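Written out below as structure tokens is the structure these notes cover.
The values are calculated or read from the model by the stated rules, or taken from the named source; none is laboratory data. This structure is a prediction, so every number in the text was calculated from the model and none was measured. Because the Cβ atoms are built from the backbone with ideal geometry, glycine has one as well, and the counts that use them run over all protein chains shown. Only protein heavy atoms, including side chains, enter the accessible area calculation; ligands, DNA and RNA are left aside. Shrake-Rupley method; radii C 1.70, N 1.55, O 1.52, S 1.80 Å.
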Amino acid sequence: MTIAFPSESAEYRAARDRLLEQEIELRRAMEAVAASRRSLPPGGPLPDDYVFQGAGADGAPTNVKLSELFEPGKDSLVIYSFMFPRDPGDTAPGPTIGRTALLPLEEGPCPTCTALLDQLDGAVEHAEEHINFAVVAKTSLPRLLTFAEERGWRRLRLLSSAANTYNRDYHAETPEGLQRPMLNVFHRDRDAIRHFWASELLYAPTDGDQDPRHAGTIEPLWNLFDLTPEGRPSDWYEQLSY
């Protein structure tokens, strides 16, 4: 099928058709990568049934084991490690209103993680038809829930990992204790809960000054930029307010 848009030139159409071939190859490559990911051999079993702290049905803090994050009939669990506290080298402004704005900057939330979670808060309602999803952060549960309320998040399951070693064990924390935005996937089989996949591109070498893009394929914002003549801004990152 060949299509054309109003007033386009022959030069544009020829270039667009060449680009279309590249886009088809990219689609094939993305599916091939997804197929390879699905065919990974079993990962390592969970070394500890980590205990997080979350809000119970009555809103009171309650302990939640990682194994309890699996709902019946859903054997995959995606956990995003939210950098809260942020990296100490991140000097982007903190929140301007609310109780979170009273925290020292280095104890506050990461703006880039926040932007991703803004987007996932809308997606998780649909994703949880098939998978389990949770967000963990090293900060205290009251701080985490306060910021979520200020941000308007309604669907994300938020847990504090302040009292366990999950972040460190699954590369969301450096040996020095700095937080990192890792996305980890776990799968439950008949014998164990096993690690399945992680966004290891965060730690892989990049080409030139390219961003690691370790979670880039799931983030609408940056993919939208890729569709424009300007592309991804090279000197801009998400902020908590604009």
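Looking only at segment 127-136, filter to residues that are part of a strand (DSSP E or B) and among the β-branched types (Val, Ile, Thr); which one of those is farthest from residue 223 (Cα to Cα)?
Selected residue: 136.
What are the residues in segment 142-165 that are crowded, with 18+ Cβ neighbours inside 10 Å, in contact with a helix residue (DSSP H, G or I) (Cβ under 6 Å, 6 or more places away or on another chain) and not in a helix (DSSP H, G or I), if any?
Hits for segment 142-165 are 153, 156, 158, 160, 161.
I'd like to verify a number: residues in segment 168-193 that are in a strand (DSSP E or B), of a type in the set (Val, Ile, Thr) and over 17 Å from the mean Cα position of the chain (by Cα), how many?
The number of residues fulfilling the criteria is 1.
In this structure, is residue 139 in contact (Cβ under 8 Å) with a residue 24 or more places away in the chain, farther than 17 Å from residue 69 by Cα and assigned to a helix (DSSP H, G or I)?
So residue 139 fails the test.
Go through segment 156-184 and give me each residue that's within 27 Å of residue 59 (Cα to Cα) and among the β-branched types (Val, Ile, Thr).
165, the sole residue that qualifies.
Take the residues in segment 205-241 that are touching a Gly at 6+ places or on another chain (Cβ under 8 Å) and exposed (fewer than 15 other Cβ atoms within 10 Å of the Cβ); name whichever of them is farthest from residue 26 (Cα to Cα).
Only one residue tops the list, namely 225.
Taking segment 101-126 on its own, how many of its residues are in contact with a helix residue (DSSP H, G or I) (Cβ under 9 Å, 6 or more places away or on another chain), assigned to a helix (DSSP H, G or I) and either open to solvent by 40 Å² or more (accessible area, probe 1.4 Å) or within 20 Å of residue 181 (Cα to Cα) (or both)?
The qualifying residues number 10.
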